[in-house]
Amino acid sequence: MTRQPAAAAIPDALLDAQPWQADPLADDTIARILAPQAAGSDGSGEPWQRIACVNRLFASWTDNATLAGWRAPEGTLPEVAQALQSYLQTGRALPAWADAERVERAEALFMDHGALSCVLLFCSSLPECYVIPDLASVLHVAGELEHHTEHRIRSTAAMIFPVMMQGGLTRPDGAGVAQVLKVRLIHATIRHLILRGAPVPGQPAGEIAPLERPADAGLYQTLYASGWNVGRDGLPCNQAELAYTLLTFGYVFLRSLRRLGLGFTPADEQAYLHAWNVVGHVLGIDDSLMAHTMEDAADLLERLQARGRAQITQPDARPALAAALMTTMEQAIPWRLARPFPRLMTRYLCGRSTSAELALDGQRAPWTSWLLFWTLLGLCRLIDTVARWIWPQFSLSRSFTRVLGYHLLVKVLMDQTRPLQLPAHVLHQLGRCVAGWSDDPRAPRWLNRLEDRLTTTGSWLFAGEHAARTAPVAPGPLR
């Protein structure tokens, strides 16, 4: 087994170039599929049908085993079939430095924390994603900023859960590699549509003028006609932004656990970062942009944020995106007094700078909610500190965040009417995991009973399980 190179400070010159670097493998794949056809901004032309065809085809990438021998069905256009088969042959391979034991340890850590992992996704990883403006800009261009917030959240979860479930990256029956390769193609499709062609290395960075589009334009046509300032904003979904997003799922998750007093050991933290670096490799991120320690990750996150903040354009779409996320979370909380808790938790986990940029301070929580939140959090931390002298695994903070995570999990991610867009067998596997989160094995019985009063008694039922049995849902990423 080859070990991943030791982390070193990434030179400024290397970071300077990343906004104009994309993903040659995925970009070439989409170019081979779309290039033969001319697109019209009015929605005419075959490219839109070809993108829909790709979406249908990669719905059959249900697990990692299907990738090895996948062949497009009879009747598929030869250029589409050949491009996708070549893409899978190259893209499905894990890096030589991938350490299966460390990946498995990271999977166990994620699943052991269950609903708490959902809180950290909603209240730290996603908000930190929005600090870098490219994602917000693309969503704003596509008209999906406020109206499809839940879809964006669920699409993110549809990648994270298969990656972090047992064997997601390393076993044939896992689905992590398959899901990541779908996301990688989606990124390339977005780039191709916005740029009206594949990125060309060395091409002068200029401005792509917007085109007139009809009022009923779909997402593909909207992206194609939107226009983009490459010189100012870099490429859509470029290497710097992908590397930054990777840090939000790895480093920011770990940093948030530390802030809650639930941090892992240094070895476990490195295993978790390692697993997400493996994901990053499959996602097309250059290995030189990966951090392997918490210290290196903190430095890289700060540097990438500083670069993104220096290029904010008006109107700033980030506050609206964050507001939509906060509203979605608040609607999932059943108690009126506790509805501001997700916003307060986000401010606590992300810190003042991020909170200010996302305008989270603009809407003040009622003083009763503010007082209750900080009293609960403070008491939990104080009691945990004292109790762990006797019971090392005791944690009221974990129980507090599990209750919040339960409501976000079942109201946003596991709604029976809108199941996660995952293959049926992956939904079944996730359903078993959710049921296993019903009781905290490290908590005393009385604390689990108190948690039941605030969540549900007995097993945490996974609403998507019914949908998985009755109508397997195929991915529909670009809608």
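These residues, Asp384, Asp439, Asp112, go from largest to smallest accessible area, 1.4 Å probe, as Asp112, Asp439, Asp384.
Where in the stretch 375-418 are there trypsin sites (Lys or Arg not before Pro) that are in a DSSP coil and have at most 16 other Cβ atoms within 10 angstrom of their Cβ? Taking the stretch 375-418 and a limit of 16 other Cβ atoms within 10 Å, the loop trypsin sites (Lys or Arg not before Pro) found are Arg388.
Once C-alpha pairs closer than 8 Å and six or more residues apart are averaged by separation and normalised to the residue number of the chain, the relative contact order reads 22 percent. Fully extending the segment from Ala298 to Ala52, taken as 0.36 nm per residue of separation minus the present Cα-Cα distance, adds 84.6 nm. Of the peptides 314-326, 93-105, 232-244, the ranking by mean beta-carbon count within 10 Å, highest at the top, reads 232-244, 314-326, 93-105.
Rounded to 0.05, the FRET efficiency of the Arg445 and His151 pair, given R0 = 35 Å and the Cβ-Cβ distance, is 0.35.
Ranking of Leu211, Leu121 by solvent-accessible surface, largest first: Leu211, Leu121 (1.4 Å probe, protein heavy atoms only, all chains present). With a Förster radius of 56 Å applied to the C-beta separation of Thr76 and Thr265, the computed FRET efficiency comes to 0.70.
With semi-axes defined as the square roots of five times the eigenvalues of the C-alpha gyration tensor, the equivalent ellipsoid of the stretch 228-330 measures 26, 19, 12 Å, largest first. Any chance you could give the angle, 0 to 90 degrees and rounded to 10, that helix 424-436 forms with the longest Cα principal axis of the chain? Long axis of 424-436 versus the principal axis of the chain: about 20 degrees. In the chain, the longest principal axis of the Cα atoms and the axis of helix 294-309 are about 60 degrees apart. Averaged over its residues, the chain has an accessible area of 42 Å² per residue, based on protein heavy atoms and a 1.4 Å probe.
Going by the alpha-carbon gyration tensor, a ≥ b ≥ c the square roots of its eigenvalues, is the stretch 303-442 rounded (a/c under 1.5) or, if a/c is not under 1.5, prolate (a/b greater than b/c) versus oblate?
oblate
Summarise the accessible area of the chain (1.4 Å probe, protein heavy atoms) by the percent that is carbon and sulfur. Intermediate results must be reported in sequence, preceding the final value.
On the way: 11260 of 20160 Å².
Answer for the chain: carbon and sulfur cover 56 percent of the accessible area.
Taking 7 Å steps out from each Cα toward its Cβ at Ala310 and Trp335 produces label points 4.6 nm apart.
The values are calculated or read from the model by the stated rules, or taken from the named source; none is laboratory data. Since the structure is predicted, the reported quantities are computational estimates derived from the model, not experimental observations. With ideal geometry, Cβ positions are generated from the backbone for all residues, glycine too; neighbour counts draw on all protein chains shown. Quick note on the areas: whole protein, heavy atoms, side chains included, nothing else; ligands and nucleic acids left out. Shrake-Rupley method; radii C 1.70, N 1.55, O 1.52, S 1.80 Å.
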